[in-house]
Amino acid sequence: MRKSLVVGNWKMNGTLASAEALALGVAAGLSSSSADVAVCAPYVFLPRLHEILKDTKLALGAQNIADKESGAFTGEISATMLSEMGCKYALVGHSERRTYYGDSNASVAARFCQAQSKGIVPILCIGETLEQREQDQTFAVIDEQLQAVIDLAGIAAFAGAVIAYEPVWAIGTGRTATDDQAQEVHYYIRQYLASKDQSIADNMQILYGGSAKPDNAKGLFAMPDIDGGLIGGASLDADSFLQICRSV
Ligand SMILES: O=C[C@H](O)COP(=O)(O)O
């Protein structure tokens with residue numbers, strides 16, 4: 001039985017004061033959620049959040065992680081640094097990183113390995129653009145994005161990872177994949193992993209990310225291959241996020 005996981009991705013929003021209030025608000029409401037819950041906060045808020053969340057059930061994550069261990073890589077943040085800040089998770093390959101900052105499949109795979117080298121669970125984000133969906137390339141894109149990581153890290157490494165399926169066309173657009181559309185791709189991802197290792201596939205937490213909100217979360221989370229969510233906009237409000245966490 002896979003445990004559900006709900007992860008808030010705050011993206012580049014908030015101030016230190018609002019981040020503290022949001023984190024404490026979420027942490028305070030978690031006793032009534034059966035899911036594991038985490039928030040991926042902007043880097044500069046992590047030290048303070050690490051302090052205030054220490055004795056709570058809310059886990060901390062980063063929104064990205066360097067693809068190298070250390071050295072002359074201005075502006076990057078290493079796995080060691082994130083581990084010191086109490087990060088349990090790190091997103092790798094979020095579609096906004098791939099689209100706006102050119103994170104390639106190879107660099108995403110390297111970030112995945114860096115995270116694991118310091119005991120951080122990578123949340124590997126994969127998914128197709130609208131154009132790719134319309135050209136029937138969804139599964140080919142998923143294959144490439146998964147295979148790049150399998151080639152570098154090996155299938156066994158997925159035992160310590162999470163996958164998030166993000167249809168890029170449903171991110172921040174208010175447009176959500178239907179329950180069936182999302183389930184179809186989640187099932188495909190699980191089958192792809194199963195063709196390499198059945199047990200890894202059976203145990204893999206696959207999250208849905210793409211305009212998930214309190215009013216559609218229940219339907220999405222009820223699908224057999226959807227194990228929780230990666231929540232953007234709706235994670236910026238403690239009540240909305242907690243409602244989603246309680247929908248698993
Ligand atoms: O990381 C989260 C995904 O990009 C979804 O964002 P959204 O819920 O604002 O559409």
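The values are calculated or read from the model by the stated rules, or taken from the named source; none is laboratory data. Not measured: the values here are computed from a predicted model. Every residue, glycine as well, gets a Cβ built from its backbone with ideal geometry; the counts of neighbours run over all protein chains shown. Surface areas here come from the heavy atoms of the whole protein model, side chains and all, with no ligands, DNA or RNA. Shrake-Rupley method; radii C 1.70, N 1.55, O 1.52, S 1.80 Å.
Give the value in nm², to one decimal: projected area of the alpha carbon convex hull of the chain, averaged over all directions. Spell out each step's value before the answer.
Values: hull surface 48.7 nm².
Taking a quarter of the hull surface, the average projection is 12.2 nm².
For the chain, what % of the accessible area comes from carbon and sulfur atoms, probe 1.4 Å? Before the final figure, lay out each step's value.
Working: 5520 of 10740 Å².
Here carbon and sulfur together make up 51 percent of the probe-accessible area.
Return the lysines within reach of Lys218: Cα separation strictly under 17 angstrom, same-chain partners fewer than 8 residues apart disregarded; answer none if there are no such residues.
Lys3
Looking at the range 1-94 from every direction and averaging, what is the projected area of its Cα convex hull in nm²?
Working: hull surface 27.4 nm².
Quarter of the Cα hull surface area: 6.8 nm².
Provide Lys11, Lys54 ordered by accessible surface of protein heavy atoms (probe 1.4 Å), highest first. Mind showing how you got there, number by number?
Working: Lys11 45, Lys54 130 Å².
In descending accessible area the options line up as Lys54, Lys11.
Solvent-accessible area per residue for the range 132-248 at a 1.4 Å probe radius, Å²?
Details: 4830 Å² over 117 residues.
Normalised by residue count, the accessible surface of the range 132-248 is 41 Å².
Say the dipole of the range 22-137 comes from +1 at the beta carbon of Lys and Arg and -1 at that of Asp and Glu; which of Gln135, Ile123, Ala79 then lies farthest toward its positive end?
Ala79
For the pair Gln135/Thr56, report the inter-label distance in nm, with labels modelled 7 Å from Cα in the Cβ direction.
About 4.4 nm, to one decimal.
Accessible area per residue of the range 1-93 at 1.4 Å probe, in Å²? Numbers along the way, then the final one.
Numbers: 4420 Å² over 93 residues.
Here the residues of the range 1-93 average 48 Å² of exposed surface.
Evaluate the charge dipole of the chain about its Cα centre and quote only its size in Debye, nearest 20, assuming +1 on the Cβ of each Lys and Arg and -1 on the Cβ of each Asp and Glu. Let's see the in-between values first.
Values: 19 positive and 28 negative charges, 127 e Å.
Roughly 600 debye, rounded to the nearest 20.
Run the 1.4 Å probe and let me know the accessible area of Phe73, rounded to the nearest 10 Å².
About 90 Å², rounded to the nearest 10.
Let me cross-check Glu131: its accessible surface, 1.4 Å probe, with only protein heavy atoms counted, in Å² to the nearest 10?
Glu131 has an accessible surface of roughly 120 Å² with all protein chains in place.
What are the ³J(HN,Hα) couplings of the range 65-72, residue after residue, when phi is run through the Karplus curve with 6.51, -1.76, 1.60 and θ = phi - 60°? Round to Hz, x for glycine and proline.
Using θ = phi - 60°, the values come out as 7, 5, 8, 10, 6, 6, x, 7 Hz.
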